Structure formats: structure tokens, C-alpha cells
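One structure is given below, encoded as C-alpha cells.
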Amino acid sequence: MTQKTAGEYDFTELSLADLLAARDLYHVHLMKKRNVIATAIGYYRIRKKEHWPSRDNPNPDNSEFKSKPRTLANSEVRPYSWPAILVFVEHWETPEDMLDDPSGMVPKTFYLPDGKAVPVCVIEARRETRISSSIDPTTLNFPRNVISGGFPLMTTVQEDLKIASFGCLVTDGHYTYALTNRHVTGEEGTEISTILDGEEIVAGTSSYLQVGRLPFDEMYPDFAARQTFLNIDVGLIKVNDISQWKAEILGIGQMAEMMDINASNISLKLIGQHVVGFGAVSAKKIEGEIQALFYRYKAVGGFDYVCDFLVGPRSGSNQDSLQVHHGDSGTILLVEGKQFVDEKPVPCYQPLGILWGCHEILDGSHTTVQPYVLSTFLAGVCNYLDVDIVRNWNLDTVNTWGGIGHFKIGAYCCELVLPGSNCSTFMMNNQLNIGYSDDAMKSGDVVSGKFERGTFVPLADVPDIVWRNTRKKDESNHFADMDEHNPAVANDQDLLQLNQNHAFLTVQNWLDFDKAMDAADPVFKTDKNGNKTLRPRRGALPFRVGQCYNQMIKSLKAGNLEEFLVAGGTMSHYAGDACQPLHISFLHHGETPAESGVHSDYETKMIAKKMPELFTMVAAKGTKITNAELIGPNGKDASLRIIELMRETVTNFPPMEVLESWRNAKGRGKYDKMWGDLKVKTAATIANGAHTLAILWQSAWKHGNGDAIPVNKLAALNQTDLMNLYMNPDFVKSFTLDDTADYENASS
């Protein structure tokens, strides 16, 4: 059998995996060449002066160029370029130059064990090592009103001021972070500053969520790369005040959905892709093109270091068109495309990667320097750190449990009141004033988690989005640690046990219990200066439900449907809290500070990722109420019924089950593991919460004589009127247990 020559192979059939396997197979041999400084995966680059093939001359004579250096600046990827391993050398040498040491020549072709031939493209790429890192912060463009991606961040390391770029906002569902480079954020707790409206502020502190490097096969298990690290260099900054931020990129605007580049779909099709960014120091739009994948740029201690992709100037542009400077680290790179809105093309920017390094390479004359950008794919980073990009406050909501659970319970209970009743007619007509449809939530077409005056918030999440910002006293109404007890307090009984005696349900008794628990087992909060102060227990959730219930009956008797709807719609929020195990337990943030993430991981991130299946399961478990379940006409009746819901929740879905599932579900696939453990009880408790809430609505309708209201008045109510009502601080006024007499009068 005759051995094929390299020229007889169809290189276009080579895959990315083939190229990586060949590079890995010959890596040691290749890196021993006296001139080789780096390698990458891409397409064979052709000198710009070489003749193009044509129909009449498919194989033009380019022999005159073969001995001349090929550089990144004087070469390009053409439509007929073929897959190749790119080998970067310090300086160009011809075969004649290497007669004294022929072994130093880089082979034109590598061969895999299966017989495939892999071409090698040699490129001269002499690096400029004299790079200035000094930056004058007085020349930078700092934000005036709000911070966003592309603005400068500052941190001081060993008395030296460091400048970099804020990349974009990401969220783990509980906290919002600014994403940038790990080499900038430093160790956890480091203060990161910027200048806002002329004043230096601490924008946030470095989070423990960061990653420097990973073994290559951990991110790309199907690709060959022995003794190789993938440099990722991403760190998160825990934002101090989210109201100071805007979820867009300076000079570019709103981001589209992130490009999901992963081990199963990455391909050479990315080569030539146009990308844009906005660096804090460059202070203008960065425009480049992906020129190679998996750039192997250094070797230390027997290990090689690789970046995901290398960006250079765009084909056909001036070589100085890509301007990147020291201090642009952290810049987000986005794929530039178009989408159609009202049948008109508009720019579209998909987040792709984050810039973390730059190699400045001299051109063939060794006089002109061109930066080439080393970058990491965002999809792998977000997956590894379990965060999601925040693209826009109206698209990627900073969800609390209310963003999904509260809207779901509030809307679904409308379907569970007595069928055919006037109450059912009114609630279904106003369902979207209380919550959202399943489709809207699954598509993300909901209000943001950020309070914005003048924007209507469906009533089920007004207590979280609006009142937590405008009524500070309302915070204690969202929880109650029903299962906490201590031998020194109430004979070691918890609130669930104590309230089996209905006479115990008074504001004063609950306040006395909390004060006794504070004395027996005090809980402290620590400020930024390390000072500790007592954090008193004041969970008042059942009383808040009783207060709203009283207002519903009172308003309905007066024929005021707007007040009835706002009181009941906001009551939906507290009923939603009452059916979530971590909201009504002392385990709400785990047993130690290190376990504080359990709350957001369960109630936010897991729920968000499993919405479609969850909604289907809830619908299967939901049941309509009956007349026999209706309660009495007083707020205390509603408080007792909500305590019964809390008892059912803790009994049927113990909070410790959530915590133990979370503890056992570390690493990748965490939310899938938790979902497998908790999905049945999660769906059941949501369905039970909606059922209980329907009982409260129907009971208030009955005792408020709602059937006396003409049917033609039961239409959907005006959202501006509803918003004006919930913005009135005196309507269902917020109290704490310390407002003992006022709260007792309002809720009993």
C-alpha cells in the first residue's frame, strides 16, 4: 500500500479534536525547537500578497513568497484556508538558515496514529517585552450617575494603584456581582473602588467566587492536552449598592443572550468571528476578530498554559484598528451581529468572553507593535461559578423567591377559589394584576427585582420589590422562625407548639418570646468596622396576614375593589413566604455563616432553572377549595390559618431536608441534584400555599359581602390606581412587633 503524502489529504475534514490531539502528541518535540514560543489552533494563514486561485488558474505560483516571513500582520485567513496547527516562532528562518541544525526546523505536517495528516502553519510573532503599565487615573472616563460595564475600577495592592475594567453584572440569584479579572479582584474582602459623580466610592468587595486556572481537561474533557492549565482569570466583586449600577456595556448598550460555547459545540467556525468590547483605559469601542483557539502561550514547571481564544485585528482593516491597553483587563467581548425588530435590522451584541491579557507582537519590520488579546469564554465561567449574566433589569431579573414563587402562588390561587363564584370572576379578571402567567415567567418577561418608581409591580411581589425599599418596618413581616426553641425559654417549646393554644396568638406574647430568645441565645450582626450589635428576633408574618385580611373585608364592605385587591394581592406575598420551609425556620441561612448560600440556591436558582417542570407539577397537585374550608371574619382567624400552613410546611417539608440536600449537592450539576431530592415536596408546598391563599381570598369575599357588588364592576382594575394605592405608606401600614398596640389592633 502506498503511503499518502500531505498533499493528498483533504485537510478540510479535520476536526478541532484532531488538531488538539496532534498538537498534544507532538508537543514535547515541537517545544524543543530552538525558535518556537507558542502554538494555537486555527486555519492556515496565507500571506496577503499571495495570489488568489481562480477558475483559470486554480494553483497559482506563489513560490516567490515561500521564503519570506509570514506574520499575523501580513497574513490572513481566506475562504479556502484549511484547519491547521499554528506555530509561533521568535524569528523567521528558512531551511538554508538552519543548515547548521536541521533538527530545529518545524515540520510542515504532523501525523496522527490513525493516519490523518495535520498541517502546520509557522508564523513569526516576536513579542514586545517593554510594556508600560502606568496609567494616569485623571485621564480616565469615570461614571457620573450609574456604573456599568466598561467603566474603570480601582484597587490598591502593596501601595500601588491598579486600574482595570468592570466587565458586566452577574447574579447567583441572591447577590449581584460585577465580573472582572481575578488578578484584579485579589483575595476575598478586598475593597474595589471607582469614582462616581466626582467622589471616590467603594463599589464592592471581592468575593470568594473566583477562578484562576483549571486543568484543561476539567473544562474540555474530550480534548487532548496533557499537563496543561486553562487560564481563566475571573473574579467577582460583590456589589454594595445595586441602585448605582446599570446592566449594560458602556458604548455598546444592552447585551443579548450569552453565546453558549462549551466542550460539545466549540468549533473552528469561531475563527473570523467579529467581536467588540469597551475598555476602561482605551475608552472607546474595541473591534477585533477571533484569530485562533487555545493559544498556548507559556510553559512553567513542566506545565503549559492555554487561553480559550486569541483576538486580533479584523481582516481587511488597518493593523492598528485593534487598540487595547494595559488596564482594559476585565472587558467583556461580545459577538457583533444583527436581529430584526419590526422587520428592521438592529445591532445585536451577544456576550462571548472576557479579556484578561494582551500580547504585543512586532510586525515584520519589528518597528510597529500590535496588541493581541487573550480571552476566556464566559459560558464556561458562568457554569463553573454558578452565576448568570444580568443583561437588562427587564430581561434577566435579579430574582428573589418572589420573582417566581410569589408570582406563581399569587396568580395560581386565582384559579383555585370557588368555581363559578363572583370572587372567581373578579380574581381571574385581575390575575395579571396579582402575578404573571407561566409563559411570561419562563420567558423572563417580568418586572425587575429593582425598585423603580412609576413602574407597576404585580401585587404578589410588592412587599419585596417596593415595600422593602419604601417601608423599612416591613422587613420583619416576611418571616417567623417557627421551629426555634431553647431550654431556657417557654419550657423549650417553639412557636408552632405554643400557638396550638390559640390564646397565645397575641403580639405581646410573640414579642415576649422573641425577647426571651434574644437573652438566652443572642444573634449579632457585624458592621463593616467589625462592631457587633444585637440583631433582635421580630418575625411577625402571621400578624401581617391578619392585618391584610381585615383590610380586605373592610374595603369590600365599603365597595372599594381597588383596596380589596391591593390588600389581598400583597397578602399573597406573605402567604407565599409561609409555605417555603426556609422562610419560616431558624435554618433560613443554614447553621453556619458558610451555609448562607442555601437560601438563594434553593429558593432562587434551583427554582429558576426548573420552572417548566415545576409549573407542570404544581398544576397536577393543585386543588380547588370548598365552602367547608372557609374561615371566620377576623384577622386572628387568618393568622391562625396561616400558622396552620406553616405547620403543614414544616411537617411535610422539614427545612433540614433542604439544607442536607444542598450540603450533598456540591459541584457541577448541583441544582439538578437538589431538584431530584426536593422537586416533589417543592411542588406540593407551592400548591398548598396557593390553596390556603385561595381560602383567605374567598373567605374575605364572603365576609365583605362581595356578592353585593354588581358583576359589571368585576373587571380588571387600572394599574395606575393600584400603584398609587400601594405607594401610600398609610394603606395596610407596616408595623413591627415593637409597635405592639397598633399591630394588635390592625391584625386581630
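The values are calculated or read from the model by the stated rules, or taken from the named source; none is laboratory data. Predicted model, so just to flag it, every value in this text is computed and none were measured. Heads up, the Cβs are rebuilt from the backbone with ideal geometry, glycines too, and the neighbour counts pull from every protein chain shown.
Looking at segment 75-91, which of its residues are part of a loop (DSSP other than H, G, I, E, B) and modelled with pLDDT of 90 or more? I'd like the intermediate steps shown before the answer.
Just the residues of segment 75-91 that are part of a loop (DSSP other than H, G, I, E, B), to begin with: 77-82, 90-91.
Selection gives 77, 78, 79, 80, 81, 82.
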- Message: What pairs come out if I take residues in segment 424-445 that are in contact (Cβ under 8 Å) with a residue 40 or more places away in the chain and under 15 Å from residue 607 (Cβ atoms) and pair them with residues that are hydroxyl-bearing (Ser, Thr, Tyr) and crowded, with 16+ Cβ neighbours inside 10 Å whose C-beta lies under 7 Å away, six or more apart or interchain?
- Response: 444/397
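Which residue is farthest from residue 615 (Cα to Cα), if the candidates are limited to segment 420-468 and must be β-branched (Val, Ile, Thr) and assigned to a loop (DSSP other than H, G, I, E, B)?
As a first pass, look at segment 420-468 and keep what is β-branched (Val, Ile, Thr): 425, 434, 446-447, 455, 457, 462, 465-466.
Going one step further and asking which of them are assigned to a loop (DSSP other than H, G, I, E, B), we end up with 446-447, 455, 457.
Working: 446: 16, 447: 19, 455: 26, 457: 21 Å.
Restricting to residues being β-branched (Val, Ile, Thr) and assigned to a loop (DSSP other than H, G, I, E, B), the top hit is 455.
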- Message: Condition check: modelled with pLDDT under 95, in a loop (DSSP other than H, G, I, E, B) and in the same structural domain as residue 582 (by TED's automatic domain parsing). Does residue 480 satisfy that?
- Response: yes
- Selection from segment 231-256 of residues that are touching a Lys or Arg at 6+ places or on another chain (Cβ under 9 Å), closer than 22 Å to residue 348 by Cβ and among the small types (Gly, Ala, Ser): 247, 251, 256
- Task: Please tell me if residue 67 is in contact with a Ser or Thr (Cβ under 6 Å, 6 or more places away or on another chain) and either in a strand (DSSP E or B) or not assigned by TED's automatic domain parsing to the domain that holds residue 357 (or both).
- Result: yes
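Results for (1) farther than 19 Å from residue 464 by Cα; (2) out of contact with any Pro (no Cβ under 6 Å at 6 or more places or on another chain), shown as yes or no for each residue.
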residue: 554; (1), (2): yes, yes
residue: 564; (1), (2): yes, yes
residue: 581; (1), (2): no, no
residue: 589; (1), (2): no, yes
residue: 626; (1), (2): yes, yes
residue: 631; (1), (2): yes, yes
residue: 640; (1), (2): yes, yes
residue: 643; (1), (2): yes, no
- Out of (1) at pLDDT 90 or above; (2) surrounded by 20 or more Cβ atoms within 10 Å (Cβ to Cβ), the odd one out for residue 211 is which? (2)
